[in-house]
Amino acid sequence: MNYFVTGATGFIGKRLVKRLIEQKRKGTIYFLIRESSQDKVPDLLKYWGAKKGQCVPVVGDLTKPNLGLAAADVKMLQKQVAHFFHLAAIYDLAADAESQIETNIKGTENAVDLANAIGAGCFQHVSSIAAAGLYEGVFREDMFEEAENLDHPYFRTKHDSEGIVRAKVKGAWRVYRPGFVVGDSKTGEMDKIDGPYYLFKLIQKMRRLLPSWVPTVGVEGGRINIVPVDFVVNAMDYIAHKDGLDGQAFHLVDPKPHRIGDVLNIFARAAHAPKMEMRINAAMFGFIPGAVKKGLMSLTPVRRIRNAILKDLDLPEEVFGYINWPTRYDCRSTQAVLEGSGIACPNLEDYAWVIWDYWERHLDPALFVDRSLSGQVAGKVVLITGGSSGIGLATAQKMAAAGAITIICGRDEEKLLEAKALVRSEGNELHTYSVDIANMQDCDRFVAELLKDFGHVDILVNNAGRSIRRGIENSFDRFHDLERTMQLNYFGALRVTYGLLPKMMERRKGHVINISSIGVLTNAPRFSAYVASKGALDAWTRCAASEFADLNIHFTTINMPLVRTPMIAPTKLYNNVPTLNPEQAADMVAQAVIHRPVRIATRLGILGQVLHAVVPRPAQILMNTSFRMFPDSESAAKGKKGSGPSAEQVAFTTLMQGIHF
């Protein structure tokens with residue numbers, strides 16, 4: 001009993017051959033291989049665990065008559081093949097129509113012609129549930145001509161290729177229609193992103209944004225029939241060798257498929273991501289006329305937003321067309337055949353974690369993108385203002401170590417020299433400039449000198465800043481606090497940015513990172529001057545990001561939590577408060593450089609912003625409690641000595657770690 005297999009190098013075909021060998025099926029397995037792919041044969045034989053002569057490669061081409069086999073090979077196979085497995089095809093909704101016609105239809109015609117020419121025993125054709133099209137209702141295994149909504153080339157070519165088998169095979173034939181095939185239910189092994197895998201990036205992003213216990217809003221739609229590859233292969237092998245089943249089609253599907261909302265939540269649980277407790281049924285959008293949808297998509301802003309979302313989530317456009325999958329697949333005949341074999345489709349909930357784990361370790365597109373800091377900054381000019389100490393110096397050390405042309409500026413010449421010596425002691429180079437960012441004329445001089453020396457700046461980190469911790473009730477006679485803070489944190493940062501943006505526009509690339517504060521999100525009391533200056537910078541940044549979005553110039557705001565730097569040293573209370581260290585803060589800057597997000601903030605900061613937006617009165621009460629719980633700094637309190645922190649204060653600062661008090 002010999003076999004001939006097309007697509008033996010593919011995801012399903014490779015495992016089918018392995019299964020045939022493991023089941024000790026007698027005979028030789030001939031497998032089609034392109035001439036250019038012969039170097040894959042040794043690895044295939046090793047993967048299969050094939051004995052010498054058990055698996056024989058046959059050079060050919062799916063797109064040529066008789067699969068491009070040499071006459072001698074055709075003669076060799078005459079009356080020698082009991083099972084002709086045809087798996088070579090395109091299983092991809094996003095593939096172009098021409099390649100699908102060439103492979104799925106013409107390839108099947110050529111395979112059938114060869115099977116007829118060599119007198120193969122049974123033509124085992126691996127089709128897909130797509131052969132039913134988007135049939136409205138239950139599609140039985142004995143149905144074929146009833147398929148409908150075959151406009152998409154993937155559905156059409158799957159249907160037509162199955163039609164070729166039914167009409168042109170001279171001997172016996174059997175057809176297998178798998179559902180959406182995912183990885184192995186035991187190992188998770190998969191070779192590409194397809195089907196439900198397109199949803200994984202969304203789940204991953206939600207996990208990074210929110211704790212797993214936070215309920216979210218999701219989408220509901222049709223039932224997505226998902227099956228693991230090991231079930232498909234085991235079922236095909238068993239059915240192919242069972243007598244009396246010729247001329248039938250078999251649905252290799254999950255008899256109890258889940259709706260898309262449930263699928264999302266199953267994988268969300270596997271990923272420890274937030275579950276979508278409230279779901280909006282996508283069918284409700286069906287009432288919108290097609291002409292209206294087309295008109296909306298023709299609008300440039302809508303089209304650009306859609307494209308940006310698709311790119312960010314690694315989603316092909318075709319996915320949205322199948323959220324409301326209308327077809328259910330009857331598989332009672334297949335279940336009857338498999339009864340007693342021990343072969344059954346496992347419940348998705350039982351193996352989803354294996355699928356997710358394999359995807360995140362091996363298939364996540366982010367794994368194939370250079371996300372290292374050196375990959376983003378090596379050879380690029382990076383300017384960090386306020387870089388002689390604290391966050392700025394720690395950031396400069398990271399950038400220099402990653403190969404960036406690193407520049408810092410500050411007011412204190414002595415500290416700049418110390419910073420340069422420190423970075424040099426680590427084996428890296430640092431360029432320093434003395435400048436008072438709060439002085440507009442000095443900013444202009446500095447920028448002109450900088451551009452003369454380096455020509456441009458790729459990444460600007462606006463880190464220089466001033467913080468004043470003083471309640472408004474103690475500031476009535478200190479209006480200059482507002483002016484000095486705004487001068488440095490807002491006007492100074494923008495004076496430097498305005499000087500460097502023209503070159504970024506000319507080069508059509510650049511990145512501006514503004515170090516803001518968690519206080520902007522939580523409306524921290526006692527920091528009104530500081531928060532107002534940072535809030536102004538945040539607002540400007542949002543406007544600038546909108547203006548420069550099409551010029552490849554990115555803007556990132558980092559709402560930094562409390563960091564133990566010289567800036568907070570005068571406030572002795574902070575000696576007993578949990579804070580970040582400068583190196584941890586520099587890690588946040590590095591993440592901004594690598595990923596270029598619109599905003600980086602802690603979960604507590606985001607929660608504070610949400611509370612102020614949704615329940616502003618309770619949020620104000622909470623912040624007022626903190627305001628009254630902690631005194632002003634000793635200087636602001638006119639010399640009043642403060643005692644050590646109370647147990648209540650310690651508990652509060654631990655709970656609200658990172659927020660300014």
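The values are calculated or read from the model by the stated rules, or taken from the named source; none is laboratory data. In this text the structure is predicted, and so the values were computed from the model without any measurement. Heads up, the Cβs are rebuilt from the backbone with ideal geometry, glycines too, and the neighbour counts pull from every protein chain shown.
Of note, ALA421 does not satisfy the criterion of being touching a residue at least 12 places away in the same chain (Cβ under 8 Å), surrounded by fewer than 22 Cβ atoms within 10 Å (Cβ to Cβ) and of a type in the set (Gly, Ala, Ser). Yes or no: the range 171-192 includes at least one residue that is in a helix (DSSP H, G or I) and either out of contact with any His (no Cβ under 7 Å at 6 or more places or on another chain) or hydrophobic (A, V, I, L, M, F, W, C) (or both). There is no residue in the range 171-192 that is in a helix (DSSP H, G or I) and either out of contact with any His (no Cβ under 7 Å at 6 or more places or on another chain) or hydrophobic (A, V, I, L, M, F, W, C) (or both). Do you know which of the residues in the range 191-207 that are among the charged types (D, E, K, R) and modelled with pLDDT of 85 or more is nearest to GLY13 (Cα to Cα)? Filtering the range 191-207 for residues that are among the charged types (D, E, K, R) and modelled with pLDDT of 85 or more, the one nearest to GLY13 (Cα to Cα) comes out as ASP191. Checking the conditions here, which among GLY471, GLY492, GLY510 is modelled with pLDDT of 90 or more and in contact with an Asp or Glu (Cβ under 7 Å, 6 or more places away or on another chain)? When all the criteria are applied, what remains is GLY510. Of all residues being surrounded by fewer than 24 Cβ atoms within 10 Å (Cβ to Cβ) and not small (Gly, Ala, Ser) in the range 113-123, which is nearest to PHE139 (Cα to Cα)? Just the residue, please. That would be CYS122.
Selection of the range 245-264 for residues being over 22 Å from PHE231 (Cβ atoms) and under 23 Å from the mean Cα position of the chain (by Cα) yields only GLY261.
Could you go through the range 208-226 and let me know if any residue there is in contact with a strand residue (DSSP E or B) (Cβ under 6 Å, 6 or more places away or on another chain), under 17 Å from PRO365 (Cβ atoms) and assigned to a helix (DSSP H, G or I). Checked the range 208-226: no residue is in contact with a strand residue (DSSP E or B) (Cβ under 6 Å, 6 or more places away or on another chain), under 17 Å from PRO365 (Cβ atoms) and assigned to a helix (DSSP H, G or I).
Within the range 585-621, restricting attention to residues that are charged (D, E, K, R) and over 30 Å from LYS380 (Cα atoms), which residue is modelled with the lowest pLDDT? Show your work before the answer.
If we filter the range 585-621 for residues that are charged (D, E, K, R), which is where we start, we get 587, 596, 599, 603, 617.
Still in the list and also over 30 Å from LYS380 (Cα atoms): 603, 617.
Details: ARG603: 62, ARG617: 66.
Applying the filter and picking the extreme gives ARG603.
Checking each residue in the range 85-99 for being modelled with pLDDT of 95 or more and assigned to a loop (DSSP other than H, G, I, E, B) picks out only LEU87. Being touching a helix residue (DSSP H, G or I) at 6+ places or on another chain (Cβ under 9 Å), buried (at least 22 other Cβ atoms within 10 Å of the Cβ), under 30 Å from ASP184 (Cβ atoms) and of a type in the set (A, V, I, L, M, F, W, C) is true for just one of ILE391, ILE407, ILE355, ILE384. Which residue is that? Step by step, each of ILE391, ILE407, ILE355, ILE384 is checked, and only ILE355 is touching a helix residue (DSSP H, G or I) at 6+ places or on another chain (Cβ under 9 Å), buried (at least 22 other Cβ atoms within 10 Å of the Cβ), under 30 Å from ASP184 (Cβ atoms) and of a type in the set (A, V, I, L, M, F, W, C). Scanning for something over 27 Å from the mean Cα position of the chain (by Cα), buried (at least 22 other Cβ atoms within 10 Å of the Cβ), within 20 Å of LEU16 (Cβ to Cβ) and of a type outside the set (D, E, K, R), does the range 153-168 turn up at least one residue? Among the residues of the range 153-168, at least one is over 27 Å from the mean Cα position of the chain (by Cα), buried (at least 22 other Cβ atoms within 10 Å of the Cβ), within 20 Å of LEU16 (Cβ to Cβ) and of a type outside the set (D, E, K, R), which makes the answer yes. How many residues, within the range 184-208, are touching a residue at least 60 places away in the same chain (Cβ under 8 Å) and either crowded, with 20+ Cβ neighbours inside 10 Å or not charged (D, E, K, R) (or both)? Qualifying residue count for the region: 14.
Taking the criterion of being at pLDDT below 95 and β-branched (Val, Ile, Thr), the only residue of the range 42-73 that qualifies is THR63. For the range 527-542, give me each residue that is among the polar types (S, T, N, Q) and closer than 17 Å to HIS480 by Cβ. Of everything in the range 527-542, those that are among the polar types (S, T, N, Q) and closer than 17 Å to HIS480 by Cβ turn out to be SER528, SER533. One residue alone among ALA82, ALA131, ALA115 is farther than 26 Å from ILE29 by Cβ, outside any loop (DSSP other than H, G, I, E, B) and in the same structural domain as ASP243 (by TED's automatic domain parsing), and that residue is ALA131. Just one of the listed residues (VAL229, VAL233, VAL175, VAL181) is out of contact with any strand residue (DSSP E or B) (no Cβ under 9 Å at 6 or more places or on another chain), in the same structural domain as ALA117 (by TED's automatic domain parsing), closer than 20 Å to ALA88 by Cβ and in contact (Cβ under 8 Å) with a residue 60 or more places away in the chain, and it is VAL233. On the basis of being surrounded by fewer than 23 Cβ atoms within 10 Å (Cβ to Cβ) and within 26 Å of LYS26 (Cβ to Cβ), does VAL126 make the cut? Considered against the rule, which asks whether it is surrounded by fewer than 23 Cβ atoms within 10 Å (Cβ to Cβ) and within 26 Å of LYS26 (Cβ to Cβ), VAL126 comes out as no.
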